[in-house]
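Some notes on the structure that comes next.
The values are calculated or read from the model by the stated rules, or taken from the named source; none is laboratory data. Just so we're clear, the structure is a prediction, and the values are computed from it rather than from any experiment. Don't worry about glycine lacking a Cβ; one is built from the backbone with ideal geometry, like all the others, and counts go over all protein chains shown. The area values use the complete protein model at the heavy-atom level, side chains included, leaving out ligands, DNA and RNA. Shrake-Rupley method; radii C 1.70, N 1.55, O 1.52, S 1.80 Å.
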Amino acid sequence: MRGGGLPELLRPDSETLGTILSTEVLRAQEEWEAVDSILPGTGNQASSDQPGQLISFSEALQHFQTVDLSSFKKRIQPTIRRTGLAALRHRLFGPPKLHQGLCEERDLVLTIAQCGLDSQDPMHGRVLQTIYKKLTGSKFDCALHGDHWEDLGFQGKREDWLVFFPLTLIQASGNEVLEAHGSRGSIWDCSSSLISLMVSVTGANPGTDLRGAGFLALLHLLYLVMDSKTLLMAQEIFRLSHHHIQQFPFCLMSVNITRITIQALREECLSRECNRQQQVIPVVNSFYAATFLRLAHVWRTQQKTISDSGFVLKDLEVLAKKSPRRLLKTLEIYLAGVSKGQASLLGAQKSNGPQASHSKDLTFTGVCDLLPHSSEGTRLI
């Protein structure tokens, strides 16, 4: 070993070095760039005339009904545990208990909320692709990680990668590689003509934003965009989220609505309606949509901005738990108006669309980011 460099046996010859360059650089490019033609879960490119097939809510739900979720089911707490006076008050004045025959369906909902996003699962990838295409109007698949997810309202995540390049490549590029990645590169072994670069990669990863809601948050978005009755509502809220003043992260807001829905289900606020309809999942879906509709209405009419997000969500949680039937009735009236072409969240308001500039300095505050409330029911899973 010379000068602290690599041992002779580890120094690649020019042919091997070329192979390393061609494979490693291409692999790095695939990770860094949001290439529209990458298939979910693989590094292979898809033919532009063969986009991935959309997936329906019922098909995605059926997947969870057939796979083994026993390890996730162990984590759920179906109802809120109450003791003392709180338990007595709930028994006397609280909502009715869920019918025994519906408990399994309720537990499935809560179990799905414990499942994370698995980018290696084709079904998970199809759900993401369907949400993206329905909201953006794109006909082609996209990478499962990347800045394009920030347009939908997922947050970016910064990661550092240590990548090795042949020094000849750096010199041949006129040091453009170093300039492109700042001054974080350092010579690791001049004698072997290798240079190491610590490269910062920024790109949204939807899977990191599902805390407290799990894959149920994505199923709710899928329901919203794949149900013909709620698609227009989803598109209107999405346009509102890109307003030049009232912008907010659409998908993160949706995740918080799912958290509220989960807590309402666990606190038995939806039991009366579930018992009436003799089903849980459709009631949960409608409650989620109704709560999102209420948020959009408040956001639009009261001129809310991103700085108001945490307080808006907290007030919304209180209202949703107290008057679920009222929210569901409002959704019913709205959807009836949509079918007649008479309902609109945005009215004559103009939206700058998905390409509107975002204020990167503004911070979105979700339900879980607010200070703890004295009430037991404010803590989400």
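Enumerate the helices (runs of 4 or more DSSP H) found wholly within region 49-158, keeping only those where 3 or more residues are at pLDDT 80 or above, touching a Phe, Trp or Tyr at 6+ places or on another chain (Cβ under 9 Å) and not hydrophobic (A, V, I, L, M, F, W, C).
122-136
Touching a residue at least 24 places away in the same chain (Cβ under 8 Å) and more than 27 Å from T130 (Cα to Cα) - does that describe any residue in region 219-242?
The answer is no; no qualifying residue exists.
Please verify whether R272 is without any contact (Cβ under 8 Å) to a residue 60 or more places away in the chain and surrounded by fewer than 24 Cβ atoms within 10 Å (Cβ to Cβ), treating the condition exactly as stated.
no
Restricting to region 273-322, count the residues that are outside any helix (DSSP H, G or I) and closer than 23 Å to F215 by Cβ.
Going through region 273-322 one residue at a time, the tally reaches 2.
Just give me the residues in region 296-313 being open to solvent by 10 Å² or more (accessible area, probe 1.4 Å), touching a residue at least 40 places away in the same chain (Cβ under 8 Å) and either more than 19 Å from I260 (Cα to Cα) or among the hydroxyl-bearing types (S, T, Y) (or both), in sequence order.
Answer for region 296-313, where residues must be open to solvent by 10 Å² or more (accessible area, probe 1.4 Å), touching a residue at least 40 places away in the same chain (Cβ under 8 Å) and either more than 19 Å from I260 (Cα to Cα) or among the hydroxyl-bearing types (S, T, Y) (or both): R300, Q303, K304, T305, S307.
Does region 307-342 hold any residues that are within 24 Å of L252 (Cβ to Cβ) and polar (S, T, N, Q), and which are they?
If the condition is that a residue be within 24 Å of L252 (Cβ to Cβ) and polar (S, T, N, Q), then S307, S309, T330 are the ones that fit.
If a residue has to be open to solvent by less than 50 Å² (accessible area, probe 1.4 Å), within 21 Å of L231 (Cβ to Cβ) and not hydroxyl-bearing (S, T, Y) to count, how many in region 126-157 make the cut?
Counting residues in region 126-157 that are open to solvent by less than 50 Å² (accessible area, probe 1.4 Å), within 21 Å of L231 (Cβ to Cβ) and not hydroxyl-bearing (S, T, Y) gives 13.
Which of the residues spanning region 323-340 are within 24 Å of N256 (Cα to Cα) and either in contact (Cβ under 8 Å) with a residue 40 or more places away in the chain or crowded, with 20+ Cβ neighbours inside 10 Å (or both)?
Result: P324, R325, L327, L328, T330, L331, Y334, L335.
Can you find a residue that is under 24 Å from L108 (Cα atoms) and in contact with a His (Cβ under 7 Å, 6 or more places away or on another chain) anywhere in region 286-296?
Yes, there is a match, as at least one residue in region 286-296 is under 24 Å from L108 (Cα atoms) and in contact with a His (Cβ under 7 Å, 6 or more places away or on another chain).
Of the conditions (1) hydrophobic (A, V, I, L, M, F, W, C); (2) open to solvent by 40 Å² or more (accessible area, probe 1.4 Å); (3) in contact with a Ser or Thr (Cβ under 6 Å, 6 or more places away or on another chain), A320 fails just one. Which one is it?
(2)
Any residue that is touching a residue at least 12 places away in the same chain (Cβ under 8 Å), part of a strand (DSSP E or B) and surrounded by 21 or more Cβ atoms within 10 Å (Cβ to Cβ) - is there at least one of those in region 204-216?
yes
Report, by residue number, each residue of region 234-272 that is part of a helix (DSSP H, G or I) and polar (S, T, N, Q).
Hits for region 234-272 are Q235, S241, S254, N256, T258, T261, Q263, S271.
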